[in-house]
Protein chains: 2
Amino acid sequence: MKITRKHNLPAAALLAAVAFTTTPIARAADPLPSWNDGTAKQSIVAFVEKITKAGSPDFVPVAERIATFDNDGCLWAEQPMYFQAFFIFDRIKALAPQHPEWKTKEPFASVLKGDVKATLAGGEHALIEMAMATHAGMTTEEFTQIVRDWLTTAKHPTTKRPYPEMVYQPMLEVLAYLRENGFKTFIVSGGGIEFMRPWTEKVYGIPPEQVVGSSIKTKFEMRDGKPVLVRLPEMNFIDDKADKPVGIHEHIGRRPIAAFGNSDGDLQMLQWTGTGDGARFCLYVHHTDAEREWAYDRKSSIGRLDKGLEEAAANGWTIVSMKDDWKTIFPPE
Amino acid sequence: MKITRKHNLPAAALLAAVAFTTTPIARAADPLPSWNDGTAKQSIVAFVEKITKAGSPDFVPVAERIATFDNDGCLWAEQPMYFQAFFIFDRIKALAPQHPEWKTKEPFASVLKGDVKATLAGGEHALIEMAMATHAGMTTEEFTQIVRDWLTTAKHPTTKRPYPEMVYQPMLEVLAYLRENGFKTFIVSGGGIEFMRPWTEKVYGIPPEQVVGSSIKTKFEMRDGKPVLVRLPEMNFIDDKADKPVGIHEHIGRRPIAAFGNSDGDLQMLQWTGTGDGARFCLYVHHTDAEREWAYDRKSSIGRLDKGLEEAAANGWTIVSMKDDWKTIFPPE
């Protein structure tokens, strides 16, 4: 059957009708039900409404609606330490039988003794050494499976909930709200890109190709006539601070119009996002809720937010007080 | 006006109707009108039909429909040399007044004398040296503007057409056909990622975030209180041969189910794509048309296709003969 071009028109007309009807509906129903009414919520909605309003001087075409989100402390919790560190510790315990030398070698020895404080005393250097020992040496597909397996069994030490449930319900709503309004949502995290990709699609609705993170090098190899990518014990990119805009540029190739973070590690991403042409939106999640989550900022070793608070005030960025702005923190169990 | 959730239903129903009606239309009309009927065209259509057919054992969910395309020689021409080399030569001529030393320094001196043969005698090393001298030292936004400006004036030496018109009409149809069937289409090219991004969206319908290519390092800096990314004269990644799967993994994080190339530089991308689980599709464009385009393969210094022809035959990959399979090469002027 030959159908002429004309017959595409009804489909196009339907699509136009859908585009026309969904926008007012998304706006009329509360898109952010877990947010208390207040300036933070209002600022998000006002931004989305002005950049999606056809004919408005702030209108942004769909293709340019790029929003970037930090992960640790912005989309999911990061206390008492980055969840990837728990993964690393569990991997060290699992691999210990193959590494008898770890019994006396730091930082591995402290992990095996369960002495987290001593382990973390080694700082970033020790963390990278442990990451190399546990994140390299296997194929990319094997590593993905290791992460998947861990996520089905591991529990957060305080809440006893699986880590994928330690995500912020109000931020899930922001992600969905932005996507309903034509945004592409990206993660831009200091965490390992391959540690996040196995679960971000299911948990956040963010597919692997929209995840930017730290990475180690990989190498293409033929094994028994089949190609594999082998993970090497060598850092490729650390996606933090001044390198967040670098990672954004490399992966996305456009400047975001909205960026969400929670720490000084996100400062340059927010600066880069906030100073482009046209309407811009920058938001810091401020951990102010010691009861329902954790309260920390200027002096925390994890997720320190110090300079960022000054810059947010100076530039009119939105600051979310978790205690005051969020009705709920985590999704219902 | 408050609109309840119920009102979302008509929109959802419309969307479902659209999804239902567009698929058969796309299939019934000829999606590849510039292709002669033959095994190459048939293989593309057969693959798309089987992986989109609900309930089929070969069905692939939309999220996993990733297709990667080489650029030079696969989506646009690459003779008498890579178009980016013409860009580099034009930049050297434009920048020469600021570099009096280039008059006597190779490979720059040969470029300024118009001696392309002598210039290219320096091979990849000379090309990278010239790329560093012309692609670095400015901000990312300045570089994008330089590429845009060049594309509006530069003409291909033989056809006298602007370079964005030197694209293959039959491949534009493949890109559109795949996207109509739920694919995300990516470029994975040895060419410079920032040389491609300014025009791939307009020319191919491929947005910047779906372009993978070779890159130089960039650095975040504050200039007069405004953040910029400065391009540094240092290679970051060369997206060729065994590093094409590496680039795919880094940017996309999933294995493609379809890959399109034209040279031995694409071989590992096709191997990586072709050996995943489930239905797979690999295609080589073979330059066989000396009259309408160029004819070259095993002995060409640009776009050599030698090992790839053996592997294609051994693995049952599709080989497109431009002379026999394509009704037209370039879009109408």
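The values are calculated or read from the model by the stated rules, or taken from the named source; none is laboratory data. Please read these numbers as outputs of a predicted model, since none were measured by experiment. All Cβ positions, even for glycine, are placed from backbone atoms using ideal geometry, and neighbour counts span all protein chains on display.
Among (1) facing chain B (nearest Cβ under 8 Å); (2) assigned to a strand (DSSP E or B), which single condition is A:Phe260 missing?
Among (1) facing chain B (nearest Cβ under 8 Å); (2) assigned to a strand (DSSP E or B), A:Phe260 violates only (1).
Scan the range A:70-85 and tell me whether some residue there is over 30 Å from A:Tyr163 (Cβ atoms), not in a loop (DSSP other than H, G, I, E, B) and not basic (Lys, Arg).
Within the range A:70-85, the first condition is being over 30 Å from A:Tyr163 (Cβ atoms), and the residues that meet it are none.
No, there is no match, as no residue in the range A:70-85 is over 30 Å from A:Tyr163 (Cβ atoms), not in a loop (DSSP other than H, G, I, E, B) and not basic (Lys, Arg).
Residues to consider are B:Leu151, B:Leu175; find the one that is hydrophobic (A, V, I, L, M, F, W, C), more than 14 Å from every other protein chain (Cβ to nearest Cβ) and surrounded by fewer than 20 Cβ atoms within 10 Å (Cβ to Cβ). Steps first, answer last, please.
On the way: B:Leu175 fails: surrounded by fewer than 20 Cβ atoms within 10 Å (Cβ to Cβ).
None of the others qualify; the one that does is B:Leu151.
Please find, within the range A:155-173, the residue that is nearest to A:Lys202 (Cα to Cα) out of those that are in contact with a strand residue (DSSP E or B) (Cβ under 8 Å, 6 or more places away or on another chain) and of a type in the set (D, E, K, R).
Among those residues, the one meeting the criterion is A:Glu173.
Which of the residues that make up the range A:116-174 are of a type in the set (Lys, Arg) and at pLDDT below 95?
From the range A:116-174, those of a type in the set (Lys, Arg) are A:117, A:148, A:155, A:160-161; that's our starting set.
Residue satisfying the conditions is A:Lys117 alone.
Could you check how many residues of the range A:173-220 are within 26 Å of A:Gly303 (Cα to Cα) and assigned to a helix (DSSP H, G or I)?
21
Looking at (1) in a helix (DSSP H, G or I); (2) of a type outside the set (Ser, Thr, Tyr); (3) surrounded by fewer than 18 Cβ atoms within 10 Å (Cβ to Cβ); (4) assigned by TED's automatic domain parsing to the domain that holds B:Gln268, which is the one condition that is false for B:Glu101?
Condition (4) is where B:Glu101 drops out.
Say whether the condition of being outside any loop (DSSP other than H, G, I, E, B), closer than 27 Å to A:Thr52 by Cβ and either away from chain B (no Cβ under 13 Å) or under 20 Å from the mean Cα position of the chain (by Cα) (or both) is met by at least one residue in the range A:221-239. Spell out the reasoning first.
Going through the range A:221-239, the residues outside any loop (DSSP other than H, G, I, E, B) turn out to be A:221-223, A:226-237.
Add one more test, that the residue is closer than 27 Å to A:Thr52 by Cβ, and what stays is none.
No.
In the range A:228-258, how many are small (Gly, Ala, Ser) and more than 15 Å from A:Phe186 (Cβ to Cβ)? Walk me through how you get there before you give the answer.
Pass one, the range A:228-258, residues small (Gly, Ala, Ser): A:242, A:247, A:253, A:258.
With more than 15 Å from A:Phe186 (Cβ to Cβ) added as a condition, the list becomes A:242.
Counting residues in the range A:228-258 that are small (Gly, Ala, Ser) and more than 15 Å from A:Phe186 (Cβ to Cβ) gives 1.
Out of (1) farther than 24 Å from A:Ile248 by Cα; (2) in contact (Cβ under 8 Å) with a residue 60 or more places away in the chain; (3) in the same structural domain as B:Pro97 (by TED's automatic domain parsing), the odd one out for B:Val167 is which?
(3)
Please work out which one of (1) over 20 Å from B:Asp72 (Cα atoms); (2) of a type in the set (Phe, Trp, Tyr); (3) outside any helix (DSSP H, G or I) is the condition B:Phe143 fails and give its number.
It is condition (3) that B:Phe143 fails.
Take A:Arg161 and tell me if it is out of contact with any Phe, Trp or Tyr (no Cβ under 9 Å at 6 or more places or on another chain) and of a type in the set (D, E, K, R). Walk me through it before giving the result.
Working: out of contact with any Phe, Trp or Tyr (no Cβ under 9 Å at 6 or more places or on another chain): no; of a type in the set (D, E, K, R): yes.
When the stated conditions are applied, A:Arg161 does not pass them.
Residues of the range B:240-257 being under 20 Å from A:Met222 (Cα atoms) and part of a helix (DSSP H, G or I), which ones?
B:Asp243, B:Lys244, B:Pro245, B:Val246, B:Gly247, B:Ile248, B:His249, B:Glu250
Just to be sure I understand, how many residues within the range A:265-286 are away from chain B (no Cβ under 14 Å) and either among the β-branched types (Val, Ile, Thr) or in contact with a helix residue (DSSP H, G or I) (Cβ under 6 Å, 6 or more places away or on another chain) (or both)?
Within the range A:265-286, residues that are away from chain B (no Cβ under 14 Å) and either among the β-branched types (Val, Ile, Thr) or in contact with a helix residue (DSSP H, G or I) (Cβ under 6 Å, 6 or more places away or on another chain) (or both) number 4.
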